[in-house]
Amino acid sequence: MSSRSFGHAVYTLEDLVEAVSAQATRVAEKARNDQSLAGAVHVFVHTSPHRKEDKQYSASTTVPLVRPTADTRLLASAALLGLRTIYRDGFRYAKSGVMLVELQPDTIRQGELDLFPDGVEMEHAPSRDRTKLMLAMDRVNERYGRGTLQLATASLSPAAKPWSMKAERRTPRYTTIWEEMPVARALTDVLKEAAFDPKQTSIWPKGQYDREFH
C-alpha cells in the first residue's frame with residue numbers, strides 16, 4: 001500500500017489525480033519488486049478527522065482488473081477510475097491511498113478465452129506484454145532517482161505540490177544525500193593551546209575551526 005497525508009489541504013480533483021497517480025506508481029514498483037501481480041486496486045480518500053470545523057468525508061472503492069498485472073499504466077488507470085467515482089467537490093481532503101489486492105505470484109498466469117472481436121480492448125486490460133518496458137522504467141528510476149520516469153498524470157512539474165508531504169522535521173538522509181551528510185570539524189592549534197592552558201574553559205571557540213572533513 002502507498003498512502004500519504006498531504007502537506008496542505010487538497011480541494012481539487014486535479015491535485016488528487018496527481019497524488020493517486022504517484023501512489024499507484026509506487027505500489028506498482030513494489031509489486032514488480034516482489035514479483036507479484038494484482039487482481040484489483042483499492043483507492044481511498046478522506047478529510048482530516050482532527051479538523052472538527054471542516055465538513056467530513058471518507059470514501060473508498062475497489063476496482064477489479066480483467067486479469068492480474070503489475071503494469072504501472074493499468075494500475076494507475078484503475079486507481080484513477082476509482083478516484084473519480086468517490087471524489088466529491090467541496091471538501092478539504094487530507095489523505096489518499098492506493099492498495100493492491102488479490103495478489104498472486106507473477107509466475108502464475110491464468111488463461112482465458114478470447115471472446116471479443118478483433119480490435120476490441122476492454123478497459124484496464126493489457127493489450128500487449130509491457131514487462132520489459134516496466135523493468136526498464138524501474139532500472140532508470142533506480143539509477144537516476146525516483147520519479148525520473150513517471151506517468152504524466154503524476155505531474156512533471158518539479159514545483160512542490162499541495163499534496164506533497166511536509167518534511168521540516170524529516171530525519172537527515174545521511175546515506176543518500178551529500179548535502180545532508182554530517183560534518184566533522186577538527187581543531188589543531190586551538191586544541192593544542194587549550195591542552196596546555198589550564199585557564200581555558202572551552203576548546204571550541206567560535207570562528208577558529210581550521211578544517212572541515214566530509
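Details
- Test: residue in the range 63-75 that is touching a helix residue (DSSP H, G or I) at 6+ places or on another chain (Cβ under 6 Å) and assigned to a helix (DSSP H, G or I): yes
- Residues within the range 30-43 that are under 15 Å from the mean Cα position of the chain (by Cα) and over 15 Å from Pro105 (Cα atoms), tallied: 1
- Failed item in (1) of a type in the set (S, T, N, Q); (2) assigned to a helix (DSSP H, G or I); (3) in contact with a Phe, Trp or Tyr (Cβ under 6 Å, 6 or more places away or on another chain), with Thr25 passing the rest: (3)
- Test: residue in the range 70-81 that is surrounded by fewer than 15 Cβ atoms within 10 Å (Cβ to Cβ) and under 19 Å from the mean Cα position of the chain (by Cα): no
- Residue in the range 99-116 that is buried (at least 16 other Cβ atoms within 10 Å of the Cβ), closer than 30 Å to Thr12 by Cα, at pLDDT 95 or above and not hydroxyl-bearing (Ser, Thr, Tyr) present: yes
- Cβ-Cβ distances below 6 Å connect the following pairs, each with a first residue in the range 66-90 that is more than 27 Å from Ala136 (Cβ to Cβ), a second residue that is of a type in the set (S, T, N, Q), and a separation of six or more residues or different chains: Gly82/Thr61; Thr85/Thr61; Ile86/Thr61.
- Restricting attention to the range 38-64, the residues that are touching a Pro at 6+ places or on another chain (Cβ under 9 Å), surrounded by fewer than 23 Cβ atoms within 10 Å (Cβ to Cβ) and either closer than 17 Å to Arg4 by Cβ or aliphatic (A, V, I, L, M) (or both) total 2.
- Screening Val10, Val27, Val66 for residues that are within 20 Å of the chain's Cα centre (by Cα) and within 30 Å of Asp106 (Cα to Cα) leaves exactly one candidate, Val27.
- Consider the range 128-148 and keep the residues that are within 13 Å of the chain's Cα centre (by Cα) and not hydroxyl-bearing (Ser, Thr, Tyr). The one that is surrounded by the fewest Cβ atoms within 10 Å (Cβ to Cβ) is Gly145.
- Annotation: Asn33 fulfils all but one of (1) surrounded by fewer than 16 Cβ atoms within 10 Å (Cβ to Cβ); (2) more than 18 Å from Gln150 (Cβ to Cβ); (3) out of contact with any strand residue (DSSP E or B) (no Cβ under 6 Å at 6 or more places or on another chain); the unmet one is (2).
- Taking the numbered list (1) within 14 Å of the chain's Cα centre (by Cα); (2) over 14 Å from Glu29 (Cβ atoms); (3) modelled with pLDDT of 75 or more in turn, Ser155 passes all entries but (3).
The values are calculated or read from the model by the stated rules, or taken from the named source; none is laboratory data. None of the values given here were measured: they were computed from a predicted structure. Cβ coordinates were reconstructed from backbone atoms using ideal geometry, including for glycine residues, and neighbour counts include every protein chain displayed.
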